[in-house]
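Structure first, then comments.
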Amino acid sequence: MPAHKEIEVDRISYPLVHVPGGPFRMGTVPTEFRKTDDEEPQREVILDAYYIGKYFVTAAQYTQFTKETKHHQFHFHRDPRFNAPDCPVVGVNWHDVQNFLTWLNKKTGESFRLPTEAEWEKAARGNDGREYPWGNEWDSAKANTSESRLKRLTPVNNYPQGRSPYGCFDMAGNAYDWCNDWFHPETYRHSPKTNPQGVITGRRKTVRGGSWVA
């Protein structure tokens, strides 16, 4: 499979990166600096190959969907800190995302979905168990977090130095990512080794990554 491909919808592109199949180290080694119980233990997980978005879905992409379908606009669409066309779309719930994906699949003939938590994590950290997309040492210059003190979103391609091993942007800052899985605190301990999908049901969905306020 090619390392990159691009889908286009009415002249708006959706770049994708390829994540090869095989094992990776999922989970976090216990640390004294933050609570990591829900991400322990670190263990080997095997995934099939897949594609994932190179960038967040942007406000421009989501607005294209809302204009065509009459779905309600995202929250904060009038707030200049969060509504720039090339910034991540925020203020959308998990069900909004499903509606967006249904529309996108009809437009493209593809079968896009949210990543599983395991797929998200491999895309973010590669297969060597690193702590951050760029390595094991935190570097505030490589992600839009509270340390940036910008107090707003930034364009989705603003931090190339913080890219993951497979070329994904903003996996540790700017905005959080929805995943397909239901959240459960014991997922990392008991999920299958191959292509884990999360628990069957739950009360809330999993989010990963970081944000401009975290």
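The values are calculated or read from the model by the stated rules, or taken from the named source; none is laboratory data. All of these numbers come straight from a predicted model, not from anything done at the bench. A quick note on method: Cβ atoms are made from the backbone with ideal geometry, for glycine too, and the neighbour counts reach across all protein chains shown. Remember, those area values only see protein heavy atoms, side chains included, never the ligands or the DNA or RNA. Shrake-Rupley method; radii C 1.70, N 1.55, O 1.52, S 1.80 Å.
Odds and ends about this structure:
- Single condition Glu186 does not satisfy, out of (1) at pLDDT below 95; (2) in contact with a helix residue (DSSP H, G or I) (Cβ under 6 Å, 6 or more places away or on another chain): (2)
- When Arg113, Arg152, Arg203 are checked against the criterion of being in contact with a Lys or Arg (Cβ under 6 Å, 6 or more places away or on another chain), open to solvent by 20 Å² or more (accessible area, probe 1.4 Å), over 18 Å from Val29 (Cα atoms) and not in a helix (DSSP H, G or I), a single residue qualifies: Arg152.
- The residue that is farthest from the chain's Cα centre (by Cα), counting only those in region 30-62 that are touching a residue at least 24 places away in the same chain (Cβ under 8 Å) and more than 24 Å from Gln197 (Cβ to Cβ), is Ala60.
- Every residue from region 1-11 that is basic (Lys, Arg) and outside any strand (DSSP E or B): Arg11
- Per-region count, region 25-54, residues over 21 Å from Gly135 (Cβ atoms) and modelled with pLDDT of 95 or more: 7
- So Ile46, is it open to solvent by 50 Å² or more (accessible area, probe 1.4 Å), in contact with a Ser or Thr (Cβ under 8 Å, 6 or more places away or on another chain) and over 25 Å from Ser211 (Cβ atoms): yes
- Beta carbons closer than 6 Å, at least 6 apart along the sequence or on distinct chains, pair a first residue in region 94-119 that is in contact (Cβ under 8 Å) with a residue 40 or more places away in the chain and closer than 17 Å to Lys205 by Cβ with a second that is charged (D, E, K, R) and outside any helix (DSSP H, G or I) for Trp94/Lys205; Thr116/Asp181; Glu117/Asp181.
- Test for Ala214: is it in contact with a helix residue (DSSP H, G or I) (Cβ under 7 Å, 6 or more places away or on another chain), over 21 Å from Val97 (Cα atoms) and either assigned to a loop (DSSP other than H, G, I, E, B) or β-branched (Val, Ile, Thr) (or both): yes
- The criterion of at least 1 residues that are over 18 Å from Ser191 (Cβ atoms) is met, among strands (runs of 3 or more DSSP E) falling completely within region 12-103, by 12-19, 50-53.
- The set of residues from region 124-140 being farther than 19 Å from Lys205 by Cα, in a helix (DSSP H, G or I) and not charged (D, E, K, R) comprises just one member, Ser140.
- Residue check, Val199 under 29 Å from Ala59 (Cα atoms) and not small (Gly, Ala, Ser): no
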